[in-house]
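Data first, discussion second: the structure below is written as structure tokens.
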Amino acid sequence: MNTKERILTSAKELFSTRGYHKTTVDEIAKHVGLSKGALYFYFKSKEDVMKDLIQGMAERTLSIMQRWSEKEVNAEEAIKGHIREFLRECYQDRYIAYIFLFELLCLEEFRKIYFENMQKIKNLLSQMVKRGYERGEFAFGSVESVVNLIMGYTKVVYIELLLLGDLPLEEVIRRVEEGLETIFRGVRCAG
């Protein structure tokens, strides 16, 4: 693991245990075994460290989606598969996601990161749903409405996971898949 990765790993651990606002750059540097000045060589601020952690989560999410969108499976399988894998990935970083969504999203620079990445996710999901319509797997509704239903439902269950904190991952996945099945039943019907 290189120095930058060690800093990110330490910051994630400290943010998760102490909280973002209570963690200082000094503590991160000490945890890694660096001077504060050496840490500043890699990151300009604590906010930059957090941005890197969030961007890493977003890139992993997009990579998961891209992999599933390229698989030769039907649209439902691709969507369910990527969401299942996404939830597992996010579960590992749930404390960072919690901090991001509930402490930092009110800051303009973090809001920008959120909306840029949500648009990329929405675009990839739209491609998957569109493929379902093109292949005749879906018959009712529009690409946009189905994408909004899927994203909205997944967000609600994921936020419950973050807020309640005690839901086992498999229960979260079960709830999401149950909701997705309801959505897919609706779009499979011809009216």
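None of the figures in this text is laboratory data; all of them are computed from the coordinates on show. The shown structure was predicted, so the numbers you read here are calculated from the model rather than taken from an experiment. So basically every Cβ, Gly included, is an ideal-geometry build from the backbone, and we count neighbours across all protein chains shown.
Being touching a Gly at 6+ places or on another chain (Cβ under 9 Å) and free of Cβ contacts under 8 Å to residues at least 12 places away in the same chain is the requirement here; does VAL187 meet it?
Details: touching a Gly at 6+ places or on another chain (Cβ under 9 Å): yes; free of Cβ contacts under 8 Å to residues at least 12 places away in the same chain: no.
Criteria not met by VAL187.
What is the one condition in (1) part of a helix (DSSP H, G or I); (2) out of contact with any Lys or Arg (no Cβ under 8 Å at 6 or more places or on another chain) that GLY141 does not satisfy?
(1)
May I ask you to list the residues in segment 99-117 that are in a helix (DSSP H, G or I) and either among the hydroxyl-bearing types (Ser, Thr, Tyr) or out of contact with any helix residue (DSSP H, G or I) (no Cβ under 8 Å at 6 or more places or on another chain) (or both)? Show your work before the answer.
Here is the first cut: in segment 99-117, the residues in a helix (DSSP H, G or I) are 99-104, 108-117.
Matches in segment 99-117: GLU103, GLU108, ARG111, LYS112, TYR114, PHE115, GLU116.
Given the options GLU89, GLU160, GLU103, GLU108, name the one that is closer than 23 Å to GLY19 by Cβ and in contact with a His (Cβ under 8 Å, 6 or more places away or on another chain). Spell out the reasoning first.
Working: GLU89 fails: in contact with a His (Cβ under 8 Å, 6 or more places away or on another chain); GLU160 fails: in contact with a His (Cβ under 8 Å, 6 or more places away or on another chain); GLU108 fails: in contact with a His (Cβ under 8 Å, 6 or more places away or on another chain).
Criteria check complete, one pass: GLU103.
Please state which one of GLU47, GLU85 is in contact (Cβ under 8 Å) with a residue 60 or more places away in the chain, assigned to a helix (DSSP H, G or I) and farther than 22 Å from GLU134 by Cα. Spell out the reasoning first.
Numbers: GLU85 fails: in contact (Cβ under 8 Å) with a residue 60 or more places away in the chain.
Result: GLU47 is the single residue among GLU47, GLU85 that is in contact (Cβ under 8 Å) with a residue 60 or more places away in the chain, assigned to a helix (DSSP H, G or I) and farther than 22 Å from GLU134 by Cα.
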